[in-house]
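Take a look at the structure set out below.
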Amino acid sequence: MDWADSPEQAEFRAKVRAFFEEKLPSRYREDAGPIRPHMIRASNGEEILATSADWGNDRYSEDPAVKGAADEWAAALAAEGYVASSWPKDLGGAGFTTIEQFIFNEERERAGAPRVGGTGAMFLGSLLMVYGSEEQKAKYMPAIARGEIDWAQGYSEPGSGSDLASLQCRAVRDGDEYVVNGQKLWSQPLTSDAMYTLVRTDPEAPKHRGISFLMIENLRDPGITMAQLPNMAFHYPGNGETFFHDVRVPVQNLIGEENQGWYVAMTLMDFDRGSLSDTGEDRQALARLCEFVQTDEGRRVSRVAELPSVRAEVADRYVESRVGQNLAQRVASMQAAGLIPNYEASIGKCFSTELHQRRSRTGTKAFGLYANLWPGDERAPLHGEFTHEYAQTVAYTIYGGSSEIQRNVIATRGLGLPRG
């Protein structure tokens, strides 16, 4: 394929680049990488320390300037249909082609602009276009496209992570409602308004066949309680436990057929692993690192970066980021040709998440002992960005299907190897 933009694609790229340059609020321009802790009041009323400038966190901030930036950015994107750019225009999207969506994401990452709409815009809306009723599309998709609602994903449970089909969160049919009891983990409820989740509706069926896919519209339901679950990077808002106690959910919130939720969820996972994101964040972070070590402050605190071995490692990471870009573009080109990426998406997901980890380790190595300084310490190089990411990215090779699962997919579906 031709890796260069066509004249039409170059014109489109210039258009979206100008949009980011003109519309992106200064908060996000200034926070492209550095960590800026601030307090937010989560959806359950609890005060939490947020450690980055992110739309999902900022919309709950008690700082009017921070919340204002989140609202301004959502409004700017929604006005152009950019919150869910791949959706049809009549559903609030921009009607982008696959390649236009790829270019848009490249430019978003180049600008350091945060996503708006979360997994609702990235995955749920696309799922509704496949499995949703006309009533469900009309009810949920416009609000997502306007950046008015953020959906959490309720999949994993204690003991049901990689073996997700063993989940036990129970939903019992009672007339026109399901009564939900159980627990979800890593569900990001504290900065979300609603949750789409997998529940067991037939405990007697084989584990893959007794699961249904439900949308729970109100996470402030009195039967729902939440708890913080900080990760290694002391990042609170993105992680949490959700407990359901006799929560009633209308049957009309079922996506697809009852007891067929596993197959609905696997479609969503294909959207996840095949999402048209680039490794632009890695390239931007490496550019900040290279620029910093050439400053007076950088030369003072990062003498380790002058070692040939470290310089070679930085170069390796940059080459790998270009490899990741090509893998992402391969998936995009397949989708543009009407093909469905399978093991190709697993290759990209596995490579990308492991690259995030290697990039963070390389950054901390370049700063030597200064990498022990945590964000918030004024002496921390680049505000502790690489130190924070070093801890934050540990879980990246678990999210969305672990690297071990991705390698099994690559081996069996890509290489035709027998199952062990």
field: R359 accessible area, assembled protein chains, probe 1.4 Å, Å²
entry: 20 Å²
- prompt: If you line up the long axis of helix 261-273 against the longest principal axis of the chain, both from Cα atoms, how many degrees apart are they, to the nearest 10?
  reply: 10 degrees
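If you count, for each residue, the other Cβ atoms within 10 Å and average over each peptide, how do 112-120, 60-68 line up from highest to lowest? Display every interim value, and only then the final one.
Details: 112-120: 23.3, 60-68: 15.0.
Highest mean packing first, the order is 112-120, 60-68.
Roughly to the nearest percent, how much of the accessible area of the chain is carbon and sulfur, given a 1.4 Å probe?
On the way: 9790 of 19060 Å².
Ligands and nucleic acids excluded, carbon and sulfur reach 51 percent.
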query: What shape does the range 254-362 take by its C-alpha gyration tensor, where a ≥ b ≥ c are the square roots of the eigenvalues and a/c under 1.5 counts as rounded, a/b above b/c as prolate, and the rest as oblate?
result: prolate
task: Starting from the amide H of Y178, placed 1.01 Å from N in the peptide plane, find each other amide H under 5 Å away whose residue is 5 or more places distant or on another chain.
output: V249, V251
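Keeping every protein chain present and rolling a 1.4 Å probe, give me the accessible area per residue for the chain in Å².
Working: 19060 Å² over 420 residues.
Solvent-accessible surface per residue comes out at 45 Å².
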message: Using each residue's phi in the range 12-20, evaluate 6.51 cos²θ - 1.76 cosθ + 1.60 at θ = phi - 60° and report the 3J(HN,Hα) Karplus result to the nearest Hz, with x for Gly and Pro.
response: 5, 4, 4, 5, 6, 5, 5, 4, 5
message: On C-alpha positions alone, give me the angle between the axis of helix 64-80 and the longest principal axis of the chain, in degrees, nearest 10.
response: 70 degrees
- request: Pull up the cross-link candidates among the lysines for K89, meaning alpha carbon to alpha carbon under 17 Å and not fewer than 8 places away within one chain.
  value: K137, K139
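Quick one: length gained pulling T225 to N342 fully straight, 0.36 nm per residue minus the C-alpha distance? Before the final figure, lay out each step's value.
Values: separation 117, 0.36 × 117 = 42.12 nm, distance 3.68 nm.
Separation in residues times 0.36 nm, less the Cα-Cα distance, equals 38.4 nm.
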field: Ellipticity estimate at 222 nm from DSSP helix runs (n ≥ 4, -39,500 (n - 2.57)) divided over the chain, nearest 500
entry: -13500 deg cm²/dmol
field: Taking only Cα atoms of the chain, radius of gyration then Dmax in Å
entry: 21.6, 70
Probe 1.4 Å - accessible area at R300, Å² to nearest ten: 130 Å²
- request: Compute the acute angle (0 to 90°) between the alpha-carbon long axis of helix 134-145 and the principal axis of greatest extent of the alpha-carbon atoms of the chain; round to the nearest 10°.
  value: 20 degrees
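Please give the net charge around F12, taking every other residue with its beta carbon less than 10 angstrom from that of F12, where Lys and Arg add +1 and Asp and Glu add -1. Provide the component values of the computation, followed by the final result.
On the way: positive: R13, K15, R17; negative: D5, E8, E11, E100, E107.
Overall, the nearby charge balance is -2.
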- line: Calc'd 3J(HN,Hα), the range 410-418, phi into Karplus 6.51 cos²θ - 1.76 cosθ + 1.60 (θ = phi - 60°), Hz, glycine/Pro = x, comes to 4, 5, 7, 8, x, 9, x, 6, x
query: In terms of modelled amide H atoms, which long-range or inter-chain residues lie less than 5 Å from the amide H of C169?
result: Q183, R200
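Which whole-number percent is the relative contact order of the chain (Cα, under 8 Å, 6+ apart)?
On the way: 767 pairs, mean separation 57.2, N = 420.
So the answer I get is 14 percent.
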field: Selection from L128, W87, I103 lying farthest towards where the dipole of the chain points positive, charges on Cβ
entry: I103
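The values are calculated or read from the model by the stated rules, or taken from the named source; none is laboratory data. Small disclaimer: the values here were computed from a predicted structure and weren't measured. Cβ sites come from the backbone with ideal geometry, for glycine too, and all protein chains shown count toward neighbours. All accessible areas refer to the heavy atoms of the entire protein, side chains included, with ligands and DNA or RNA removed. Shrake-Rupley method; radii C 1.70, N 1.55, O 1.52, S 1.80 Å.
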